[in-house]
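See below for the structure under consideration.
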Amino acid sequence: MYKNIYYKLFPRCIPMRVIICIMMFTCCWTSYMCRLQMSILAVPMIKTQQDDKKVSGVCINSDNNRKKRWTEEHDTLHDELISNEKQISDLIIEHSMLPRQANLDQVNDTFDNSLRNNDYNKARSIHIYTGEPFEWTPFIRGQLISAYSWGNVPGNFLGGVLSQKYGPRNAVLWSSIVAAFVSLLTPIIAQISWTALAMSRVIIGITGGISFPACHTLVAKWAVPDEKGRFIWTLQGGTFGSIFLFGIISGIAENINWESGWYFPAIIMFIWIFFWYLLAYDSPEEHPGITEEEKTFIIESQAGVVTKEKQKLSDIPILKIMTSIPFISLILCHFGNLFLLFFYQNGMMLYQTKALGFKLTKGGFVAGLPWASRVIFAFVFGWIGDTIKRKKLMSITTLRKGATIFSHFLPGVCLIIVGYLGCSFFWANVFLILALGFNGAASIANLSNNQDLSPNYAGFLYGIMNTVGCLSGIIISPVVEEVAGKHGNPIDKWRILFWMGAAVCISCMGIFMVGGSGKVQSWNEIQPRRENQRNQQAPRA
C-alpha cells in the first residue's frame, strides 16, 4: 500500500535518488534559515551607541542620488529623537528671557516628558510583536551572532555519531523539530535576557550541526559514483536559500517587525518536516517507493566500496582516522572554507549596512548576491568534476587539489582587493560576489574529499570536519565587533578583516596541497576486520 502511494505521488520516470537529492537540498535550506536569522536580525533588533555615531570612513554620506536611494536611512525613531531635541532647543530659546530659575524648571519638565514619551529611551519591559530594538552593546551583538557556532561545533560531531547509530533520517527529523520550536519561541526568549537568547541560539546550533553529517551519510548510501559530484551539489541548498533569506528576512524585519523574521522560517520548517518524514529514507534497500531496477543499479554501482549493513559505533576506527595525514589535511582545508562562509554569514550584513551604508532591505538583497553566484559556480564545478572523473582525465587527488585553487586561493585574492576598494559600492560587491562564487569549487574539493577517503564513514568524517571547521564561527563575530564594530565599522578596519580572511583561506589551501589525497584509505574497510575478529574468537582444532 505504501509503495502504491509513492507511485501515485511521484511518476516512476523520476528516480527515487532524485527525490532524495531534493530532500537533502531543502534540508540544507531549512538548516541555513535557522543559521542566518541572528546575523540578519541583529541589525534591526539591536541598537548600540556606536551605531548612532557618525564615524569617519563609513560610506553613508554620498552626493550620488542613486547611492542615496540605497543608503539613506528612514528611521522614524531617530527622526523622533531629533524632533524632541529640536523642541527642547526651541523651548530654551523661547524662554531665554524668563527668570533663570523659571526657565530652568520649564526646560527640565519638558525634557522629562519627552523622555517618558519616547519608546526608545523608556525602561524596557516585555513587549511582544512591537518591533522595539534592544539597547545592547557591540560585544553582546557579537556574542549572539557567534552563539550558533557554540552549539554547531559539538552538534556536528553529534550529527556524525547519531547518523551512524540511528540513521540520517531520524537524526535530521528530530533535530529539525527542536529547531523549529525554538525559532518560533525566540522573540519571547529574547525578552527575558540576552543570555537566554544566546542559549537558544546554542540549541539551534546543535540541531543545525546534525544536518550536514547526516546528509553526507545519505550521499554515501544513495549516490552512484559517477553522480557523486551532483549529489554533493545538493548540499548547496543552504547557499541557495541564503540568496532569498537575506532579502526576505531583512524585508520582513524592515516592513513589519523583526519578530516576524523569526516566525516565518519556523513555519516553513514545520511544513518541510512533514515531507522529510514521508520521503527520506536511509538507504535504497529501506525505501518503500524505489523501483527494483533503480535499487539494483545503485547497489551494483557501489559494490566493493560501500557496505550495505549499518555500522556500529564500535566499528569506527577512530584512532586510524584521527592520525591519518590526508584526513588531517582535509580538516584544515575545510576550516579555511568554513572561515570564509562564516565571514560572509556573520559579517556581511554589518559590512553592507554599517560600513557601506545600505538600507536594511537593500543590504539584505546585496548580501544575498554572493550566495547566488556560489550556487551557480558550484553546479558548474560539480558537472566539470563528474565529467573529469567519468573520462578519467586526471587522478582524483589532482582534481581535489586543483579545485582548491578556485575554492580557497582566488576568494582570498578577491577579499584583499575588496579591502582596498573603499566606498566603491559597485566594485566592492563585484569582488565579494566573485569570492564566494569561486568558492563554489569546494563542492569538488573539501566537500567531496571525505567521500573519497572513506565512503563507509563519510558522515562521521564530515561530522569531525565540521566540528573543527565551525570553530571559525565562534571566532569571527567577536573579532569583527572588536576590530570594526566598536569603532563604528569604518572601511579601514574592515580592510584588516579582509586580510585576515584571505590569510586563513590561502594558508589552509597550502596545507591541503601538501598532505591531501583522493584515494580510499585502508581504514575504510569494515568486513575484513569483522572476519578477523571472528577468526580470532573461533575455537582452535
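Nothing in this text is a laboratory measurement; each read-out follows from the coordinates by a stated rule. Source: prediction; values computed, not measured. Because the Cβ atoms are built from the backbone with ideal geometry, glycine has one as well, and the counts that use them run over all protein chains shown.
Could you give me the ³J(HN,Hα) list for region 416-433, computed from phi with Karplus coefficients 6.51, -1.76, 1.60 and θ = phi - 60°, whole Hz, x at Gly and Pro?
Calculated HN-Hα couplings, in order: 4, 4, 4, x, 10, 8, x, 8, 6, 3, 5, 6, 4, 6, 4, 6, 5, 5 Hz.
Between residue 178 and residue 22, take the C-beta separation as r, use R0 = 22 Å, and let me know the FRET efficiency to the nearest 0.05.
In this case the efficiency is close to 0.45.
Which ordering of 233, 262, 272 is given by a fewest-first count of other beta-carbon atoms within 10 Å?
272, 262, 233
Once fully extended, how much extra length lies between residue 199 and residue 275, figured as 0.36 nm per residue of separation less the alpha-carbon to alpha-carbon distance?
24.5 nm
Any chance you could run the full-extension gain for residue 390 through residue 192? It's 0.36 nm times the residue separation minus the Cα-Cα distance, nm to one decimal.
Residue separation times 0.36 nm, minus the Cα-Cα distance, leaves 65.6 nm.
Calculate, axis by axis, the spread of Cα positions in region 160-256 along the three principal axes, and write the results as whole Å, longest axis first.
For region 160-256, the Cα spread along each principal axis is 49, 31, 16 Å.
Fewest to most neighbouring Cβ within 10 Å: what's the order for 246, 377? Kindly include the intermediate steps, with their values, before the conclusion.
Values: 246 27, 377 23.
Neighbour counts put them in this order, fewest first: 377, 246.
Can you check what the net charge comes to around residue 500, using other residues whose Cβ is under 15 Å from the Cβ of residue 500 (Lys, Arg +1; Asp, Glu -1)?
With Lys, Arg at +1 and Asp, Glu at -1, the neighbours total -1.
Quick check on the exposure proxy: order 434, 338 from fewest to most C-beta atoms within 10 angstrom.
Ascending number of Cβ neighbours within 10 Å: 434, 338.
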